[in-house]
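Throughout, read-outs are computed from the coordinates displayed, never taken from laboratory work. Since we're looking at a predicted model, the values are computed, not measured. Counting neighbours? That spans all protein chains shown, and the Cβs are built from the backbone with ideal geometry, glycine included.
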Amino acid sequence: MFKIKKVLNSSVVLAVDQNRQEMVLCGRGIGYGRKPGNMIEEKQADQVFMPVDNMKAKEFLQLLDSIPQEFIELTQQIVHYAEEKLKTKLNSGVYFTLMDHLNFAVERYKKNINITNRVYWEIKNYYTEEFEAGNYALQLINEKLGIQLPKEEAANIAFHLINALGEETESKNGMKYAKMIGSIVNLVRYTLNMKWDQENIHYSRFITHVKFFVERFYADKLLADQENELFEQIANLYPQAMDVAFKIKDYIKQVHGNVIPNDELTYLAVHIHRLISYQQLK
């Protein structure tokens, strides 16, 4: 249980817990008709923020003072929808970053300043669930505010959702991830001179594998070389696919200076082989 100290607006209250620690609580209608001294249950809040002496919460409180109410409510709706769609809790920081972003996006729109998203295509194709949530958000904003933000905005919002996945401490760099995924996929596509059938299950699995590979790469958790026999088997069975996997290895060595272990090459080659086989069956 929390005791309300101050109602900041209908969606945000400042409260204290049993240990008299100040907290920021967010929730749709959480502050409506409430007064200081009222008790509130934790389950009534969509998001319990960190104690107020936490820097993020301080910035958030300052931001609330300067942001119109509709952006607070829109952010809460978007986060709620995204958490349902992605079946996961997002970092509380997303309230701060997304609210700020939406406010600026609408300001830019009103001043006729259009900023393109350099990884729109990659986010749309490789982070489809997050992109769909971004699309929902875009339609919601346009409808509620009676404006017409550009379609790229869906990717910008998705970008904030991608960054809010995972642990508080390891905020993902969506731009970095999307660029690397795009580079690997394009390298495979051009090397094999293939047209992608994006509805195909092997394509989807390949994209999923590359996404996890990139996550492991940036988390410094690449598979250790333990399956040398399997690596040699796959290299003999699928020489064309392994050749493409080696091109990925060379690209990463050249751009990032890291050497990809053979175990990673083995699994990349297996997925690439499936793409080649599917293409030959058509």
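Applying both filters, DSSP loop and at most 13 other Cβ atoms within 10 Å, to the trypsin sites (Lys or Arg not before Pro) of region 1-50 gives ARG20.
Could you calculate, for region 2-51, the ratio of the Cα radius of gyration to the Kirkwood radius, expressed as Rg to Rh? Could the numbers behind the result be given before it?
Numbers: Rg = 9.1 Å, Rh = 10.2 Å.
Using Cα coordinates only, the ratio equals 0.90.
By the rule of a C-alpha distance below 30 Å, with chain neighbours fewer than 8 residues away ignored, the lysines paired with LYS249 are LYS124, LYS172, LYS176, LYS179, LYS195, LYS211, LYS221, LYS282.
So how do SER277, SER10 line up by other beta-carbon neighbours within 10 Å, fewest first? Each step should come with its number before you reach the end.
On the way: SER277 12, SER10 17.
Going from sparsest to densest Cβ surroundings: SER277, SER10.
Distance between the 7 Å Cα→Cβ label points at GLN139 and GLU107: 2.9 nm. The GluC sites (Glu not before Pro) of region 175-282 that meet both conditions, a loop assignment by DSSP and at most 12 other Cβ atoms within 10 Å of the site Cβ, are GLU199. Tell me which lysines have Cα within less than 25 Å of LYS43's Cα, excluding those fewer than 8 residues away on the same chain? Of all the lysines, those that pass the test against LYS43 - Cα under 25 Å, at least 8 places apart if same chain - are LYS3, LYS5, LYS6, LYS35, LYS56, LYS58, LYS85, LYS87, LYS89. Ranking TYR218, ALA245, ILE234 by Cα position along the charge dipole of region 210-253, where only Lys, Arg, Asp and Glu carry charges on their C-beta atoms, puts TYR218 farthest toward the positive end. Across the chain, C-alpha contacts under 8 Å between residues 6 or more apart give a mean separation that, scaled by the residue count, equals a relative contact order of 11 percent.
Magnitude of the charge dipole for the chain, about its Cα centre and with charges confined to Cβ atoms of Lys, Arg (+1) and Asp, Glu (-1), is about 680 debye. Its convex hull of Cα atoms gives region 71-136 a direction-averaged projected area, equal to a quarter of the hull surface, of 4.8 nm². Ordering of 148-156, 84-92 by packing is 148-156, 84-92, highest average first (other Cβ atoms within 10 Å, averaged per residue).
For LYS249, LYS176, LYS195, LYS124, what's the fewest-to-most ordering of other Cβ within 10 Å of each Cβ? Intermediate values should be presented prior to the final figure.
Numbers: LYS249 18, LYS176 12, LYS195 9, LYS124 21.
Going from sparsest to densest Cβ surroundings: LYS195, LYS176, LYS249, LYS124.
Here the residues ARG216, ARG274, ranked from fewest to most Cβ neighbours within 10 Å of their Cβ, fall in the order ARG216, ARG274. Multiplying the residue separation of ASP243 and ASN228 by 0.36 nm and subtracting their alpha-carbon distance yields 3.7 nm.
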